[in-house]
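Take this structure first; my questions come after.
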Amino acid sequence: SKISVVHCFYFRGGAELLFDGVKKHQVTLPCQPEPWDIRNLLKWIKQNLLKERPELFMQGESVRPGILVLVNDADWELVGELDYKLQDQDNVLFISTLHGG
């Protein structure tokens, strides 16, 4: 049987403002037949954690340009971006590099 996995998601650089100002979320993702990847994770975050203005966080099925995504301190471009399969205890950090004037 599949176990659900625990992950920490961090929002920084202003991205936390879209999540009620909460910078760290410790989350147990629900079990599903396929392993969780970042593509599915982003949909889940949009439905379950994102509180306002989803267009400032998401664009299509990915994060919008200007949001840096790190998986266990590595740029997500190095681990496969949307296709990266989440492992137990992964840390995923979203940093907004867009700063309003």
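The values are calculated or read from the model by the stated rules, or taken from the named source; none is laboratory data. As the structure is a computational prediction, the values presented were derived from the model and not from experiment. Positions of Cβ are generated from backbone atoms using ideal geometry, with glycine treated the same way; all protein chains shown enter the neighbour counts. Heads up: the accessible areas ignore ligands, DNA and RNA and are worked out on the full protein's heavy atoms, side chains in. Shrake-Rupley method; radii C 1.70, N 1.55, O 1.52, S 1.80 Å.
Per residue, how large is the accessible surface of the chain? Use a 1.4 angstrom probe and give square angstrom.
58 Å²
Moving on. Sequence-distant or interchain residues sharing an amide H contact under 5 Å with MET58, placed H: which?
Under 5 Å from the amide H of MET58: ARG64.
I need the phi-derived Karplus couplings for segment 63-78: 6.51 cos²θ - 1.76 cosθ + 1.60, θ = phi - 60°, integer Hz, Gly and Pro marked x.
My calculation for segment 63-78 gives 6, 6, x, x, 10, 7, 10, 10, 10, 6, 6, 10, 4, 5, 5, 7 Hz in order.
Shifting gears a bit: How far is helix 38-48 tilted off the main Cα axis of the chain, in degrees rounded to 10, range 0 to 90?
Once rounded, the angle reads 70 degrees.
Give me the net charge of PHE19's neighbourhood, meaning all other residues with Cβ under 12 Å from the Cβ of PHE19; Lys, Arg count +1, Asp, Glu -1.
Value of the local net charge: +3.
Right, another one. Just the number, please: carbon plus sulfur as a percent of the accessible area of the chain, 1.4 Å probe, no ligands or DNA/RNA counted. Display every interim value, and only then the final one.
Details: 2850 of 5820 Å².
Ligands and nucleic acids excluded, carbon and sulfur give 49 percent.
In whole Hz, what ³J(HN,Hα) sequence does segment 13-30 give by Karplus (6.51, -1.76, 1.60; θ = phi - 60°), x for Gly and Pro?
x, x, 4, 4, 5, 7, 10, 6, x, 7, 8, 10, 10, 9, 10, 9, 6, x
Using the Karplus equation 6.51 cos²θ - 1.76 cosθ + 1.60 (θ = phi - 60°), what ³J(HN,Hα) coupling, rounded to whole Hz, does each residue of segment 49-55 give in order, writing x for Gly and Pro?
Listing the rounded values in order: 10, 5, 9, 8, 6, x, 5 Hz.
In a GNM of the chain with a 10 Å cut-off on Cα contacts, which of GLU81, GLU16, GLU34 has the highest mean-square fluctuation?
Comparing GLU81, GLU16, GLU34 in a Gaussian network model of the chain, the most mobile one is GLU34.
Another one. Just to be sure I understand: if I project the alpha-carbon convex hull of segment 5-96 onto a plane and average over all orientations, what area do I get in nm²?
5.3 nm²
Between ILE95 and LYS46, what is the label-point separation in nm under the 7 Å Cα-to-beta-carbon projection?
2.5 nm
Then there is this: When the helices in the chain are scored as -39500 (n - 2.57) per DSSP H run of 4 or longer and the sum is shared across all residues, what 222 nm value do you end up with, to the nearest 500 deg cm²/dmol?
That calculation yields -3500 deg cm²/dmol at 222 nm.
May I ask you to compute the full-extension gain from GLN32 to LEU82, defined as 0.36 nm times their residue separation minus their alpha-carbon distance, rounded to one decimal in nm?
Details: separation 50, 0.36 × 50 = 18.00 nm, distance 1.73 nm.
Separation in residues times 0.36 nm, less the Cα-Cα distance, equals 16.3 nm.
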